[in-house]
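Have a look at the structure below, then the notes.
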Amino acid sequence: MEDLARRLGLRTNPPIFFTSAGLMLVILVLLLLFPESIGSGFATAREWVTTNLGWFFIFGVTAWLVFLVWLAISKYGDLRLGSADEKPTYTRLSWFTMLFAGGIGTILMFWGVAEPISHFATPPFEGVEPYSAQAAEDAMNVALYHLALHTWAIFTLPGLAFGFFIYRYNLPMRVSSVFYPVLKERIHGPIGKTIDVFAVLGTLFGLAVSLGLGTSQISAGLSRLTGLEDGTFVRVMVIVVLTAVATVSVAVGLDKGIKRLSNLNIGLAVGMMLFVLFTGGTTVFLLRELFESAGNYLASLPGLSLWNDALATVDGEDGWGWQAGWTVFYWAWTVTWAPFMGVFLARISRGRTVREFVGGVLIAPSLFTVVWFVIFGWSAMQIDGIDGTGGPISDAVAESVPLAMFTFFENFPATGLLQGLTIVIVALFFATSADSAALVVDMLCSGDGEAGPVGQRVFWAVCLGALAALLIVLGGDAGITALQEIITVVGLPIFILVFAMIPMLVIGVRAEHARIQRGDHSISPQEQIRLQEEEAAREKAEVERQREEAENGVPAQRDADDPAHKETTG
């Protein structure tokens, strides 16, 4: 593997890179050749997981949220993701837009109207009349439960763990580094590599479902605007174009690519949100609901956080109760993004304190999510008629969820412009997510916090696009369904992996805090190892320089970064 990596010009960890790429291709081929049989097998496994362990997912994410809040307000909140005097790389605004656009931007565009309307038309709680005022309030509470604090807790926990251990202990930019307190140097062995390969596969296939959602929404929008058939060809063309955009962004790097796309993206999304707020004829109502819905959400959060639908009967299709098809699937699917989002968040958050990281990553996007869902969700329910019998948006969601946002905009001025802008925003969110994921997968394979060779990053961007395209072309609906079943099952071990990060963090922050309290401001053992390696490298370079001088009979030119060069030129 080492020889092959050198011949290909790769700068990566060959066992992780080639094993991940090979398993991805094997799984994809099997999925495409036997979509129905694999789907059936994983459907059975998913039913078992949701029926018997759905409570574990629900309890787990709530426990993560409580732990993060405790850690932020505790005495450990002042510890930095890096050295004690390290400053953040990005401004707060750029940091926020990057973490948000790289996270669930596509999901908010997809579900901003569709999820509240779904729960409005089909209430999750017994005894609630569809389309009633109670159904509307419950719909908003459940939508916010799914996509606000709890979703961002799934991203914040691994991001905090990665940032803490990677930057304070100078460990590789890999998931296995989080388990250094227990595994020690074995993170570089078979156990660590197995963890990292699994994280790479989870990232690739978890993102594939999100890209499938984004593609279906863009294709539905193009069909509504242009009359093109919403079929396989259009969806593949969408993937090809957006993969090309993401590939270019990956090639130019984090600062020029993802940062610029993210800033443009969030600006367009905020502009659209404000347009809906001020032109829909319900501005005062929405402003009142903004505060009331936030209060209702916080008031209902303890109950929703522990709600397990325990009295529901087993549904042979999804598992145990309503939550099997919604909450449990959400958490299992979202946690497959945890390695990707965790490393990405750590990469853009170096230098921030634990308290600042939790506050920024957990609270800020959740506040934006509340505003987004209130404006879009309550506007949609008002249009369909509260205390009525449903309307065009409910009908559109029942027909095809991707049509929800486009049908919603038919009730506003400049319908065509808004629908076109929706396509652009979803496309940019799509490209940003693929862009971010390709960069992070490359980091997970190399263990390097810096971008690898262009070809290496482009490879993963193309793989993501090809994965989504091939599923649509060869697998069709059966392929996507099978992938969703796989993700629910694969989400379980990743969920356990993320859960195990809590004791790792507790051990780490206690040790660091105790060291500082003792007045021991010396560098960590890992930092000592890094400095020793750098000194050895400098000595080796000096030996090579002296050898060249002896062979050539003339002084060898020193590197500008060579300390000896700086001394002689200073």
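What do you reckon, is T243 at pLDDT 80 or above and surrounded by 20 or more Cβ atoms within 10 Å (Cβ to Cβ)?
yes
When you scan the range 70-88, how many residues do you find that are touching a helix residue (DSSP H, G or I) at 6+ places or on another chain (Cβ under 6 Å) and of a type in the set (F, W, Y)?
1
Could you check, for the range 372-390, whether at least one of its residues is closer than 27 Å to G77 by Cα, in contact with a Leu (Cβ under 6 Å, 6 or more places away or on another chain) and open to solvent by less than 30 Å² (accessible area, probe 1.4 Å)?
no
With respect to A437, is the statement that it is aliphatic (A, V, I, L, M) and open to solvent by less than 10 Å² (accessible area, probe 1.4 Å) true?
When the stated conditions are applied, A437 passes them.
Take the range 155-207 and flag every residue that is in contact with a helix residue (DSSP H, G or I) (Cβ under 7 Å, 6 or more places away or on another chain) and of a type in the set (D, E).
Result: D196, single match.
Among the candidates R347, R352, single out the residue that is over 23 Å from T283 (Cβ atoms), open to solvent by less than 20 Å² (accessible area, probe 1.4 Å) and either β-branched (V, I, T) or in contact with a Gly (Cβ under 8 Å, 6 or more places away or on another chain) (or both).
After ruling out the rest, the residue left standing is R352.
Taking S366, is it among the small types (G, A, S), within 30 Å of P172 (Cβ to Cβ) and open to solvent by less than 10 Å² (accessible area, probe 1.4 Å)?
So S366 does not fit the description; no.
When you scan the range 39-47, do you find a residue that is open to solvent by less than 40 Å² (accessible area, probe 1.4 Å), at pLDDT 85 or above, in a helix (DSSP H, G or I) and out of contact with any strand residue (DSSP E or B) (no Cβ under 8 Å at 6 or more places or on another chain), even just one?
yes
In this structure, does I117 turn out to be of a type in the set (A, V, I, L, M), modelled with pLDDT of 80 or more and closer than 19 Å to V371 by Cα?
It is true that I117 is of a type in the set (A, V, I, L, M), modelled with pLDDT of 80 or more and closer than 19 Å to V371 by Cα.
Output the residues belonging to the range 167-194 that are open to solvent by 10 Å² or more (accessible area, probe 1.4 Å) and under 28 Å from E356 (Cβ atoms).
Y167, R168, Y169, N170, L171, P172, R174, F179, Y180, P181, V182, listed by residue number.
When you look at D395, is it open to solvent by 20 Å² or more (accessible area, probe 1.4 Å) and more than 19 Å from the chain's Cα centre (by Cα), yes or no?
Answer is yes for this residue.
Taking into account only those residues within the range 6-25 that are exposed (fewer than 15 other Cβ atoms within 10 Å of the Cβ) and assigned to a helix (DSSP H, G or I), which is modelled with the highest pLDDT?
Ranking the candidates gives G22 first.
Considering only residues that are under 13 Å from the mean Cα position of the chain (by Cα) and assigned to a loop (DSSP other than H, G, I, E, B), look in the range 334-361 and name the one that is nearest to P493 (Cα to Cα).
Ranking the qualifying residues of the range 334-361, first place goes to T336.
Restricting the first residue to the range 418-441 and requiring it to be within 17 Å of M98 (Cα to Cα) and touching a residue at least 40 places away in the same chain (Cβ under 8 Å), which pairs with a second residue that is open to solvent by 10 Å² or more (accessible area, probe 1.4 Å) and not in a helix (DSSP H, G or I) meet a Cβ separation below 7 Å and a spacing of at least six or different chains?
If the second residue must be open to solvent by 10 Å² or more (accessible area, probe 1.4 Å) and not in a helix (DSSP H, G or I), the pairs left are L439/A451.
Determine whether G159 is assigned to a helix (DSSP H, G or I), touching a Lys or Arg at 6+ places or on another chain (Cβ under 8 Å) and within 17 Å of G359 (Cβ to Cβ).
So G159 does not fit the description; no.
Considering each residue of the range 374-397, count those that are over 19 Å from V276 (Cα atoms), in a loop (DSSP other than H, G, I, E, B) and not acidic (D, E), and give that number.
So the count comes out to 3.
Helices (runs of 4 or more DSSP H) wholly in the range 60-152 with at least 2 residues that are buried (at least 20 other Cβ atoms within 10 Å of the Cβ), among the β-branched types (V, I, T) and within 19 Å of the chain's Cα centre (by Cα) - which ones?
Helices (runs of 4 or more DSSP H) meeting the threshold: 105-121.
Looking at (1) in contact (Cβ under 8 Å) with a residue 40 or more places away in the chain; (2) within 23 Å of T334 (Cβ to Cβ), can you tell me which one V66 breaks?
Condition not satisfied by V66: (1).
Can you spot a residue in the range 286-296 that is open to solvent by 20 Å² or more (accessible area, probe 1.4 Å), of a type in the set (K, R), modelled with pLDDT of 90 or more and more than 23 Å from A139 (Cα to Cα)?
No: zero hits.
The values are calculated or read from the model by the stated rules, or taken from the named source; none is laboratory data. Since we're looking at a predicted model, the values are computed, not measured. Don't worry about glycine lacking a Cβ; one is built from the backbone with ideal geometry, like all the others, and counts go over all protein chains shown. All accessible areas refer to the heavy atoms of the entire protein, side chains included, with ligands and DNA or RNA removed. Shrake-Rupley method; radii C 1.70, N 1.55, O 1.52, S 1.80 Å.
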